[in-house]
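First the structure, in the form of structure tokens, and then the observations on it.
The values are calculated or read from the model by the stated rules, or taken from the named source; none is laboratory data. Please read these numbers as outputs of a predicted model, since none were measured by experiment. Reconstructed Cβ throughout: ideal geometry from the backbone, glycine too, with neighbour counts over all protein chains shown.
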Amino acid sequence: MLGSPVGRVDEVGHDRPTSLTCRSLASGYEKKEVLHDVTFTIDEPSIYVVLGPNGAGKTTLFRTIAGILRPMEGEVLIDGVPIDRQSARDHLHYLSHTDGMPDGLTVRESLDFYARVERATSTDVDRVLDQLEIRELENAYISKLSAGQRKRASIARVFLRERGIYLLDEPTTSLDPKVAREIRSLILDLSRDRIVLYSSHNLFEAREIGRYVITLKGGGLTLFDKMENVRAAHYVVGVRTLEATAALGGWERKGDYYLRELSGPDQVPGLIQDLEARGVRLREVREMENPLEDLFS
Amino acid sequence: MVVGRVSLLVGAGMVVLYSAAFGYGGPLFVNIGTVVLPIFAVSGGLGGALLFSNDRMKGVLEYLVAYGLSPRRILANALLAGVVQVTLVLGVGVAAGLTTYLLRGYPLTLRLPEVLLVYTFPMSYLTSSLTTTVGVFWTSLSSPRAGLNSPIGVLPLIGVLPTAALLIVALTLGSYATQILLGGELIIFVVLLSLLVRTDRLMPPERLLSPA
């Protein structure tokens, strides 16, 4: 297989891989094994959300698939070609949880640098500046950007050249909900017909974008299924008020908290607005039941 | 990259001032100015190591490794950055010193190119490269820290110590100074080469990852 083309040729002339396989994969750092015996095959272009609590091994999985960490056991294959071959690696784009943008450069300079690494052109840089709507930031220094702007610039780097497989490690972490939603929308838009692995610890985010879910716990694979098969779970918030109020008379109580089931965290701001409009003086609103706990148990 | 630029500007600015001052003193430039230049050149090596450390923290190296660049090539780029900076520092230093030296009407002797070729230039590039290499390996072994407690904080010593030690020995045994200097430079070169050969062992790709 060495030197042979990987994947099929699509209509615009780019090689595009059709499968990603992790076989009996064990990986980690130095002698510490973080991933244990992870096996799955992806052979359908779609968004696969990798879910897991902190420390579950999501980043280690991504780094191993990207060829940064060498497997302690098992292998990663792209259309049957091991990831340590450059021909296989060339089909991957990897977005790490850090933005990878040097502070001392402007957005344009950073993208030009990565374009040289990627063998992309200045036209490609112009294209992603427009696609990611960061044209007006072209001459701004990375150090002066907000978290959301940095993330956009970082994601722009990933789309300088088309690839068949995208590994996006928690791309919306530390972003406010509005920017996070915009970023998810951009990723959805830009990654059509690709294999996208998207890690998150937010089930609601996963439901919004993912067609498949892969869950990790303690470094092991616990679930690989269609998102629609993941059972519906409760999302319950508790509301504590400064004083007793009749407005919450019908609500279930648990200690000092009035409980309300919502379809997801996105509804929390609306709930708060509604309660305040009804004159309820809020002391605290907190998550009482996290469906992720059900999923990982 | 900002720290690299600052390091370069500070190094170049200082070396221009000192070299011009030594050039003004005539023979002082030949006897002391050229000897001091390699110490300034360490700032170039420091710049290479700082660049590496900064890029590692920002996740730039993680991306480059994912693209397929080897740690050896990444180190080579850091070394190249150091060498470019040293060349600039040396260039402006020698030019500033020589200009004031000639403007003051002092004659050119063979002693000046001899010192530059035997000591100033090779020692500058060697100590700078040693500083970069040790700095890169060292910072890759540790979690990023700031200030004097970080490897970067004590890195200048890595470059200055061999230079100073070699000078003291050469000056003490004056009649064999040239041979001692060349021998010392050969030892530093061998140490540097042995470190570079072991790059993949001393610095596997996971050492280049940004802190989690």
Margin query: Within the stretch A:85-112, take every residue that is within 7 Å of chain B (Cβ to nearest Cβ), of a type in the set (Gly, Ala, Ser) and in contact (Cβ under 8 Å) with a residue 40 or more places away in the chain and give me the one that is nearest to A:Glu170 (Cα to Cα).
Written below: A:Ser96
Checklist line | Lone unmet requirement of (1) part of a loop (DSSP other than H, G, I, E, B); (2) more than 13 Å from chain B (Cβ to nearest Cβ); (3) hydrophobic (A, V, I, L, M, F, W, C) for A:Leu35 | finding: (1)
Check: Which of the following residues is more than 14 Å from chain B (Cβ to nearest Cβ) and farther than 18 Å from A:Tyr94 by Cα: A:Ile142, A:Ile134, A:Ile195?
Finding: A:Ile134
Item checked: Candidate set from the stretch B:138-157 (those that are surrounded by fewer than 22 Cβ atoms within 10 Å (Cβ to Cβ) and modelled with pLDDT of 70 or more); member that is farthest from B:Gln179 (Cα to Cα) -> B:Leu141
Notebook entry, point to check: What about A:Ala147, is it surrounded by fewer than 22 Cβ atoms within 10 Å (Cβ to Cβ), modelled with pLDDT of 80 or more, out of contact with any Asp or Glu (no Cβ under 6 Å at 6 or more places or on another chain) and closer than 19 Å to A:Pro102 by Cα?
Noted result: yes
Check: Counting residues that are modelled with pLDDT under 90, within 14 Å of chain A (Cβ to nearest Cβ) and surrounded by fewer than 22 Cβ atoms within 10 Å (Cβ to Cβ), which helices (runs of 4 or more DSSP H) fully inside the stretch B:35-137 reach at least 1?
Finding: B:60-67, B:71-103
Notebook entry, point to check: In the stretch A:179-223, how many are surrounded by fewer than 18 Cβ atoms within 10 Å (Cβ to Cβ) and of a type in the set (Gly, Ala, Ser)?
Noted result: 3
Check: Taking into account only those residues within the stretch A:248-265 that are outside any strand (DSSP E or B) and out of contact with any helix residue (DSSP H, G or I) (no Cβ under 7 Å at 6 or more places or on another chain), which is surrounded by the most Cβ atoms within 10 Å (Cβ to Cβ)?
Finding: A:Leu248
Notebook entry, point to check: From the list A:Leu61, A:Leu51, which residue is at pLDDT 95 or above and surrounded by 15 or more Cβ atoms within 10 Å (Cβ to Cβ)?
Noted result: A:Leu61
Next item on the list: Please enumerate the residues belonging to the stretch A:160-193 that are within 19 Å of A:Leu51 (Cα to Cα), in a loop (DSSP other than H, G, I, E, B) and of a type in the set (D, E, K, R).
Entry: A:Glu170
Next item on the list: Quick one: count up the residues across the stretch A:152-164 that are within 12 Å of chain B (Cβ to nearest Cβ) and not small (Gly, Ala, Ser).
Entry: 5
Notebook entry, point to check: For the stretch A:39-66, which residues satisfy the criterion of being among the β-branched types (Val, Ile, Thr) and under 11 Å from the mean Cα position of the chain (by Cα)?
Noted result: A:Ile47, A:Val49, A:Val50, A:Thr59
Item checked: Positions within the stretch B:58-74 being among the basic types (Lys, Arg) and within 23 Å of the chain's Cα centre (by Cα), in sequence order -> B:Arg72, B:Arg73
Next item on the list: Please name all residue pairs, on different chains or six or more residues apart, with Cβ atoms under 6 Å, provided the first residue is in the stretch A:160-186 and is assigned by TED's automatic domain parsing to the domain that holds A:Pro45 and the second residue is of a type in the set (Asp, Glu) and modelled with pLDDT of 80 or more.
Entry: A:Leu160/A:Glu118; A:Leu160/A:Asp124; A:Arg161/A:Glu118
Check: Considering the stretch A:62-84 alone, what residues qualify as being facing another protein chain (nearest Cβ under 8 Å) and hydrophobic (A, V, I, L, M, F, W, C)?
Finding: A:Ala66, A:Ile68, A:Leu69
Checklist line | Of all residues making up the stretch B:185-212, the number that are part of a helix (DSSP H, G or I) and touching a residue at least 40 places away in the same chain (Cβ under 8 Å) | finding: 13
Notebook entry, point to check: Which residues, taken from the stretch A:224-246, are surrounded by 15 or more Cβ atoms within 10 Å (Cβ to Cβ) and not polar (S, T, N, Q)?
Noted result: A:Phe224, A:Met227, A:Val230, A:Tyr235, A:Val236, A:Val237, A:Gly238, A:Val239
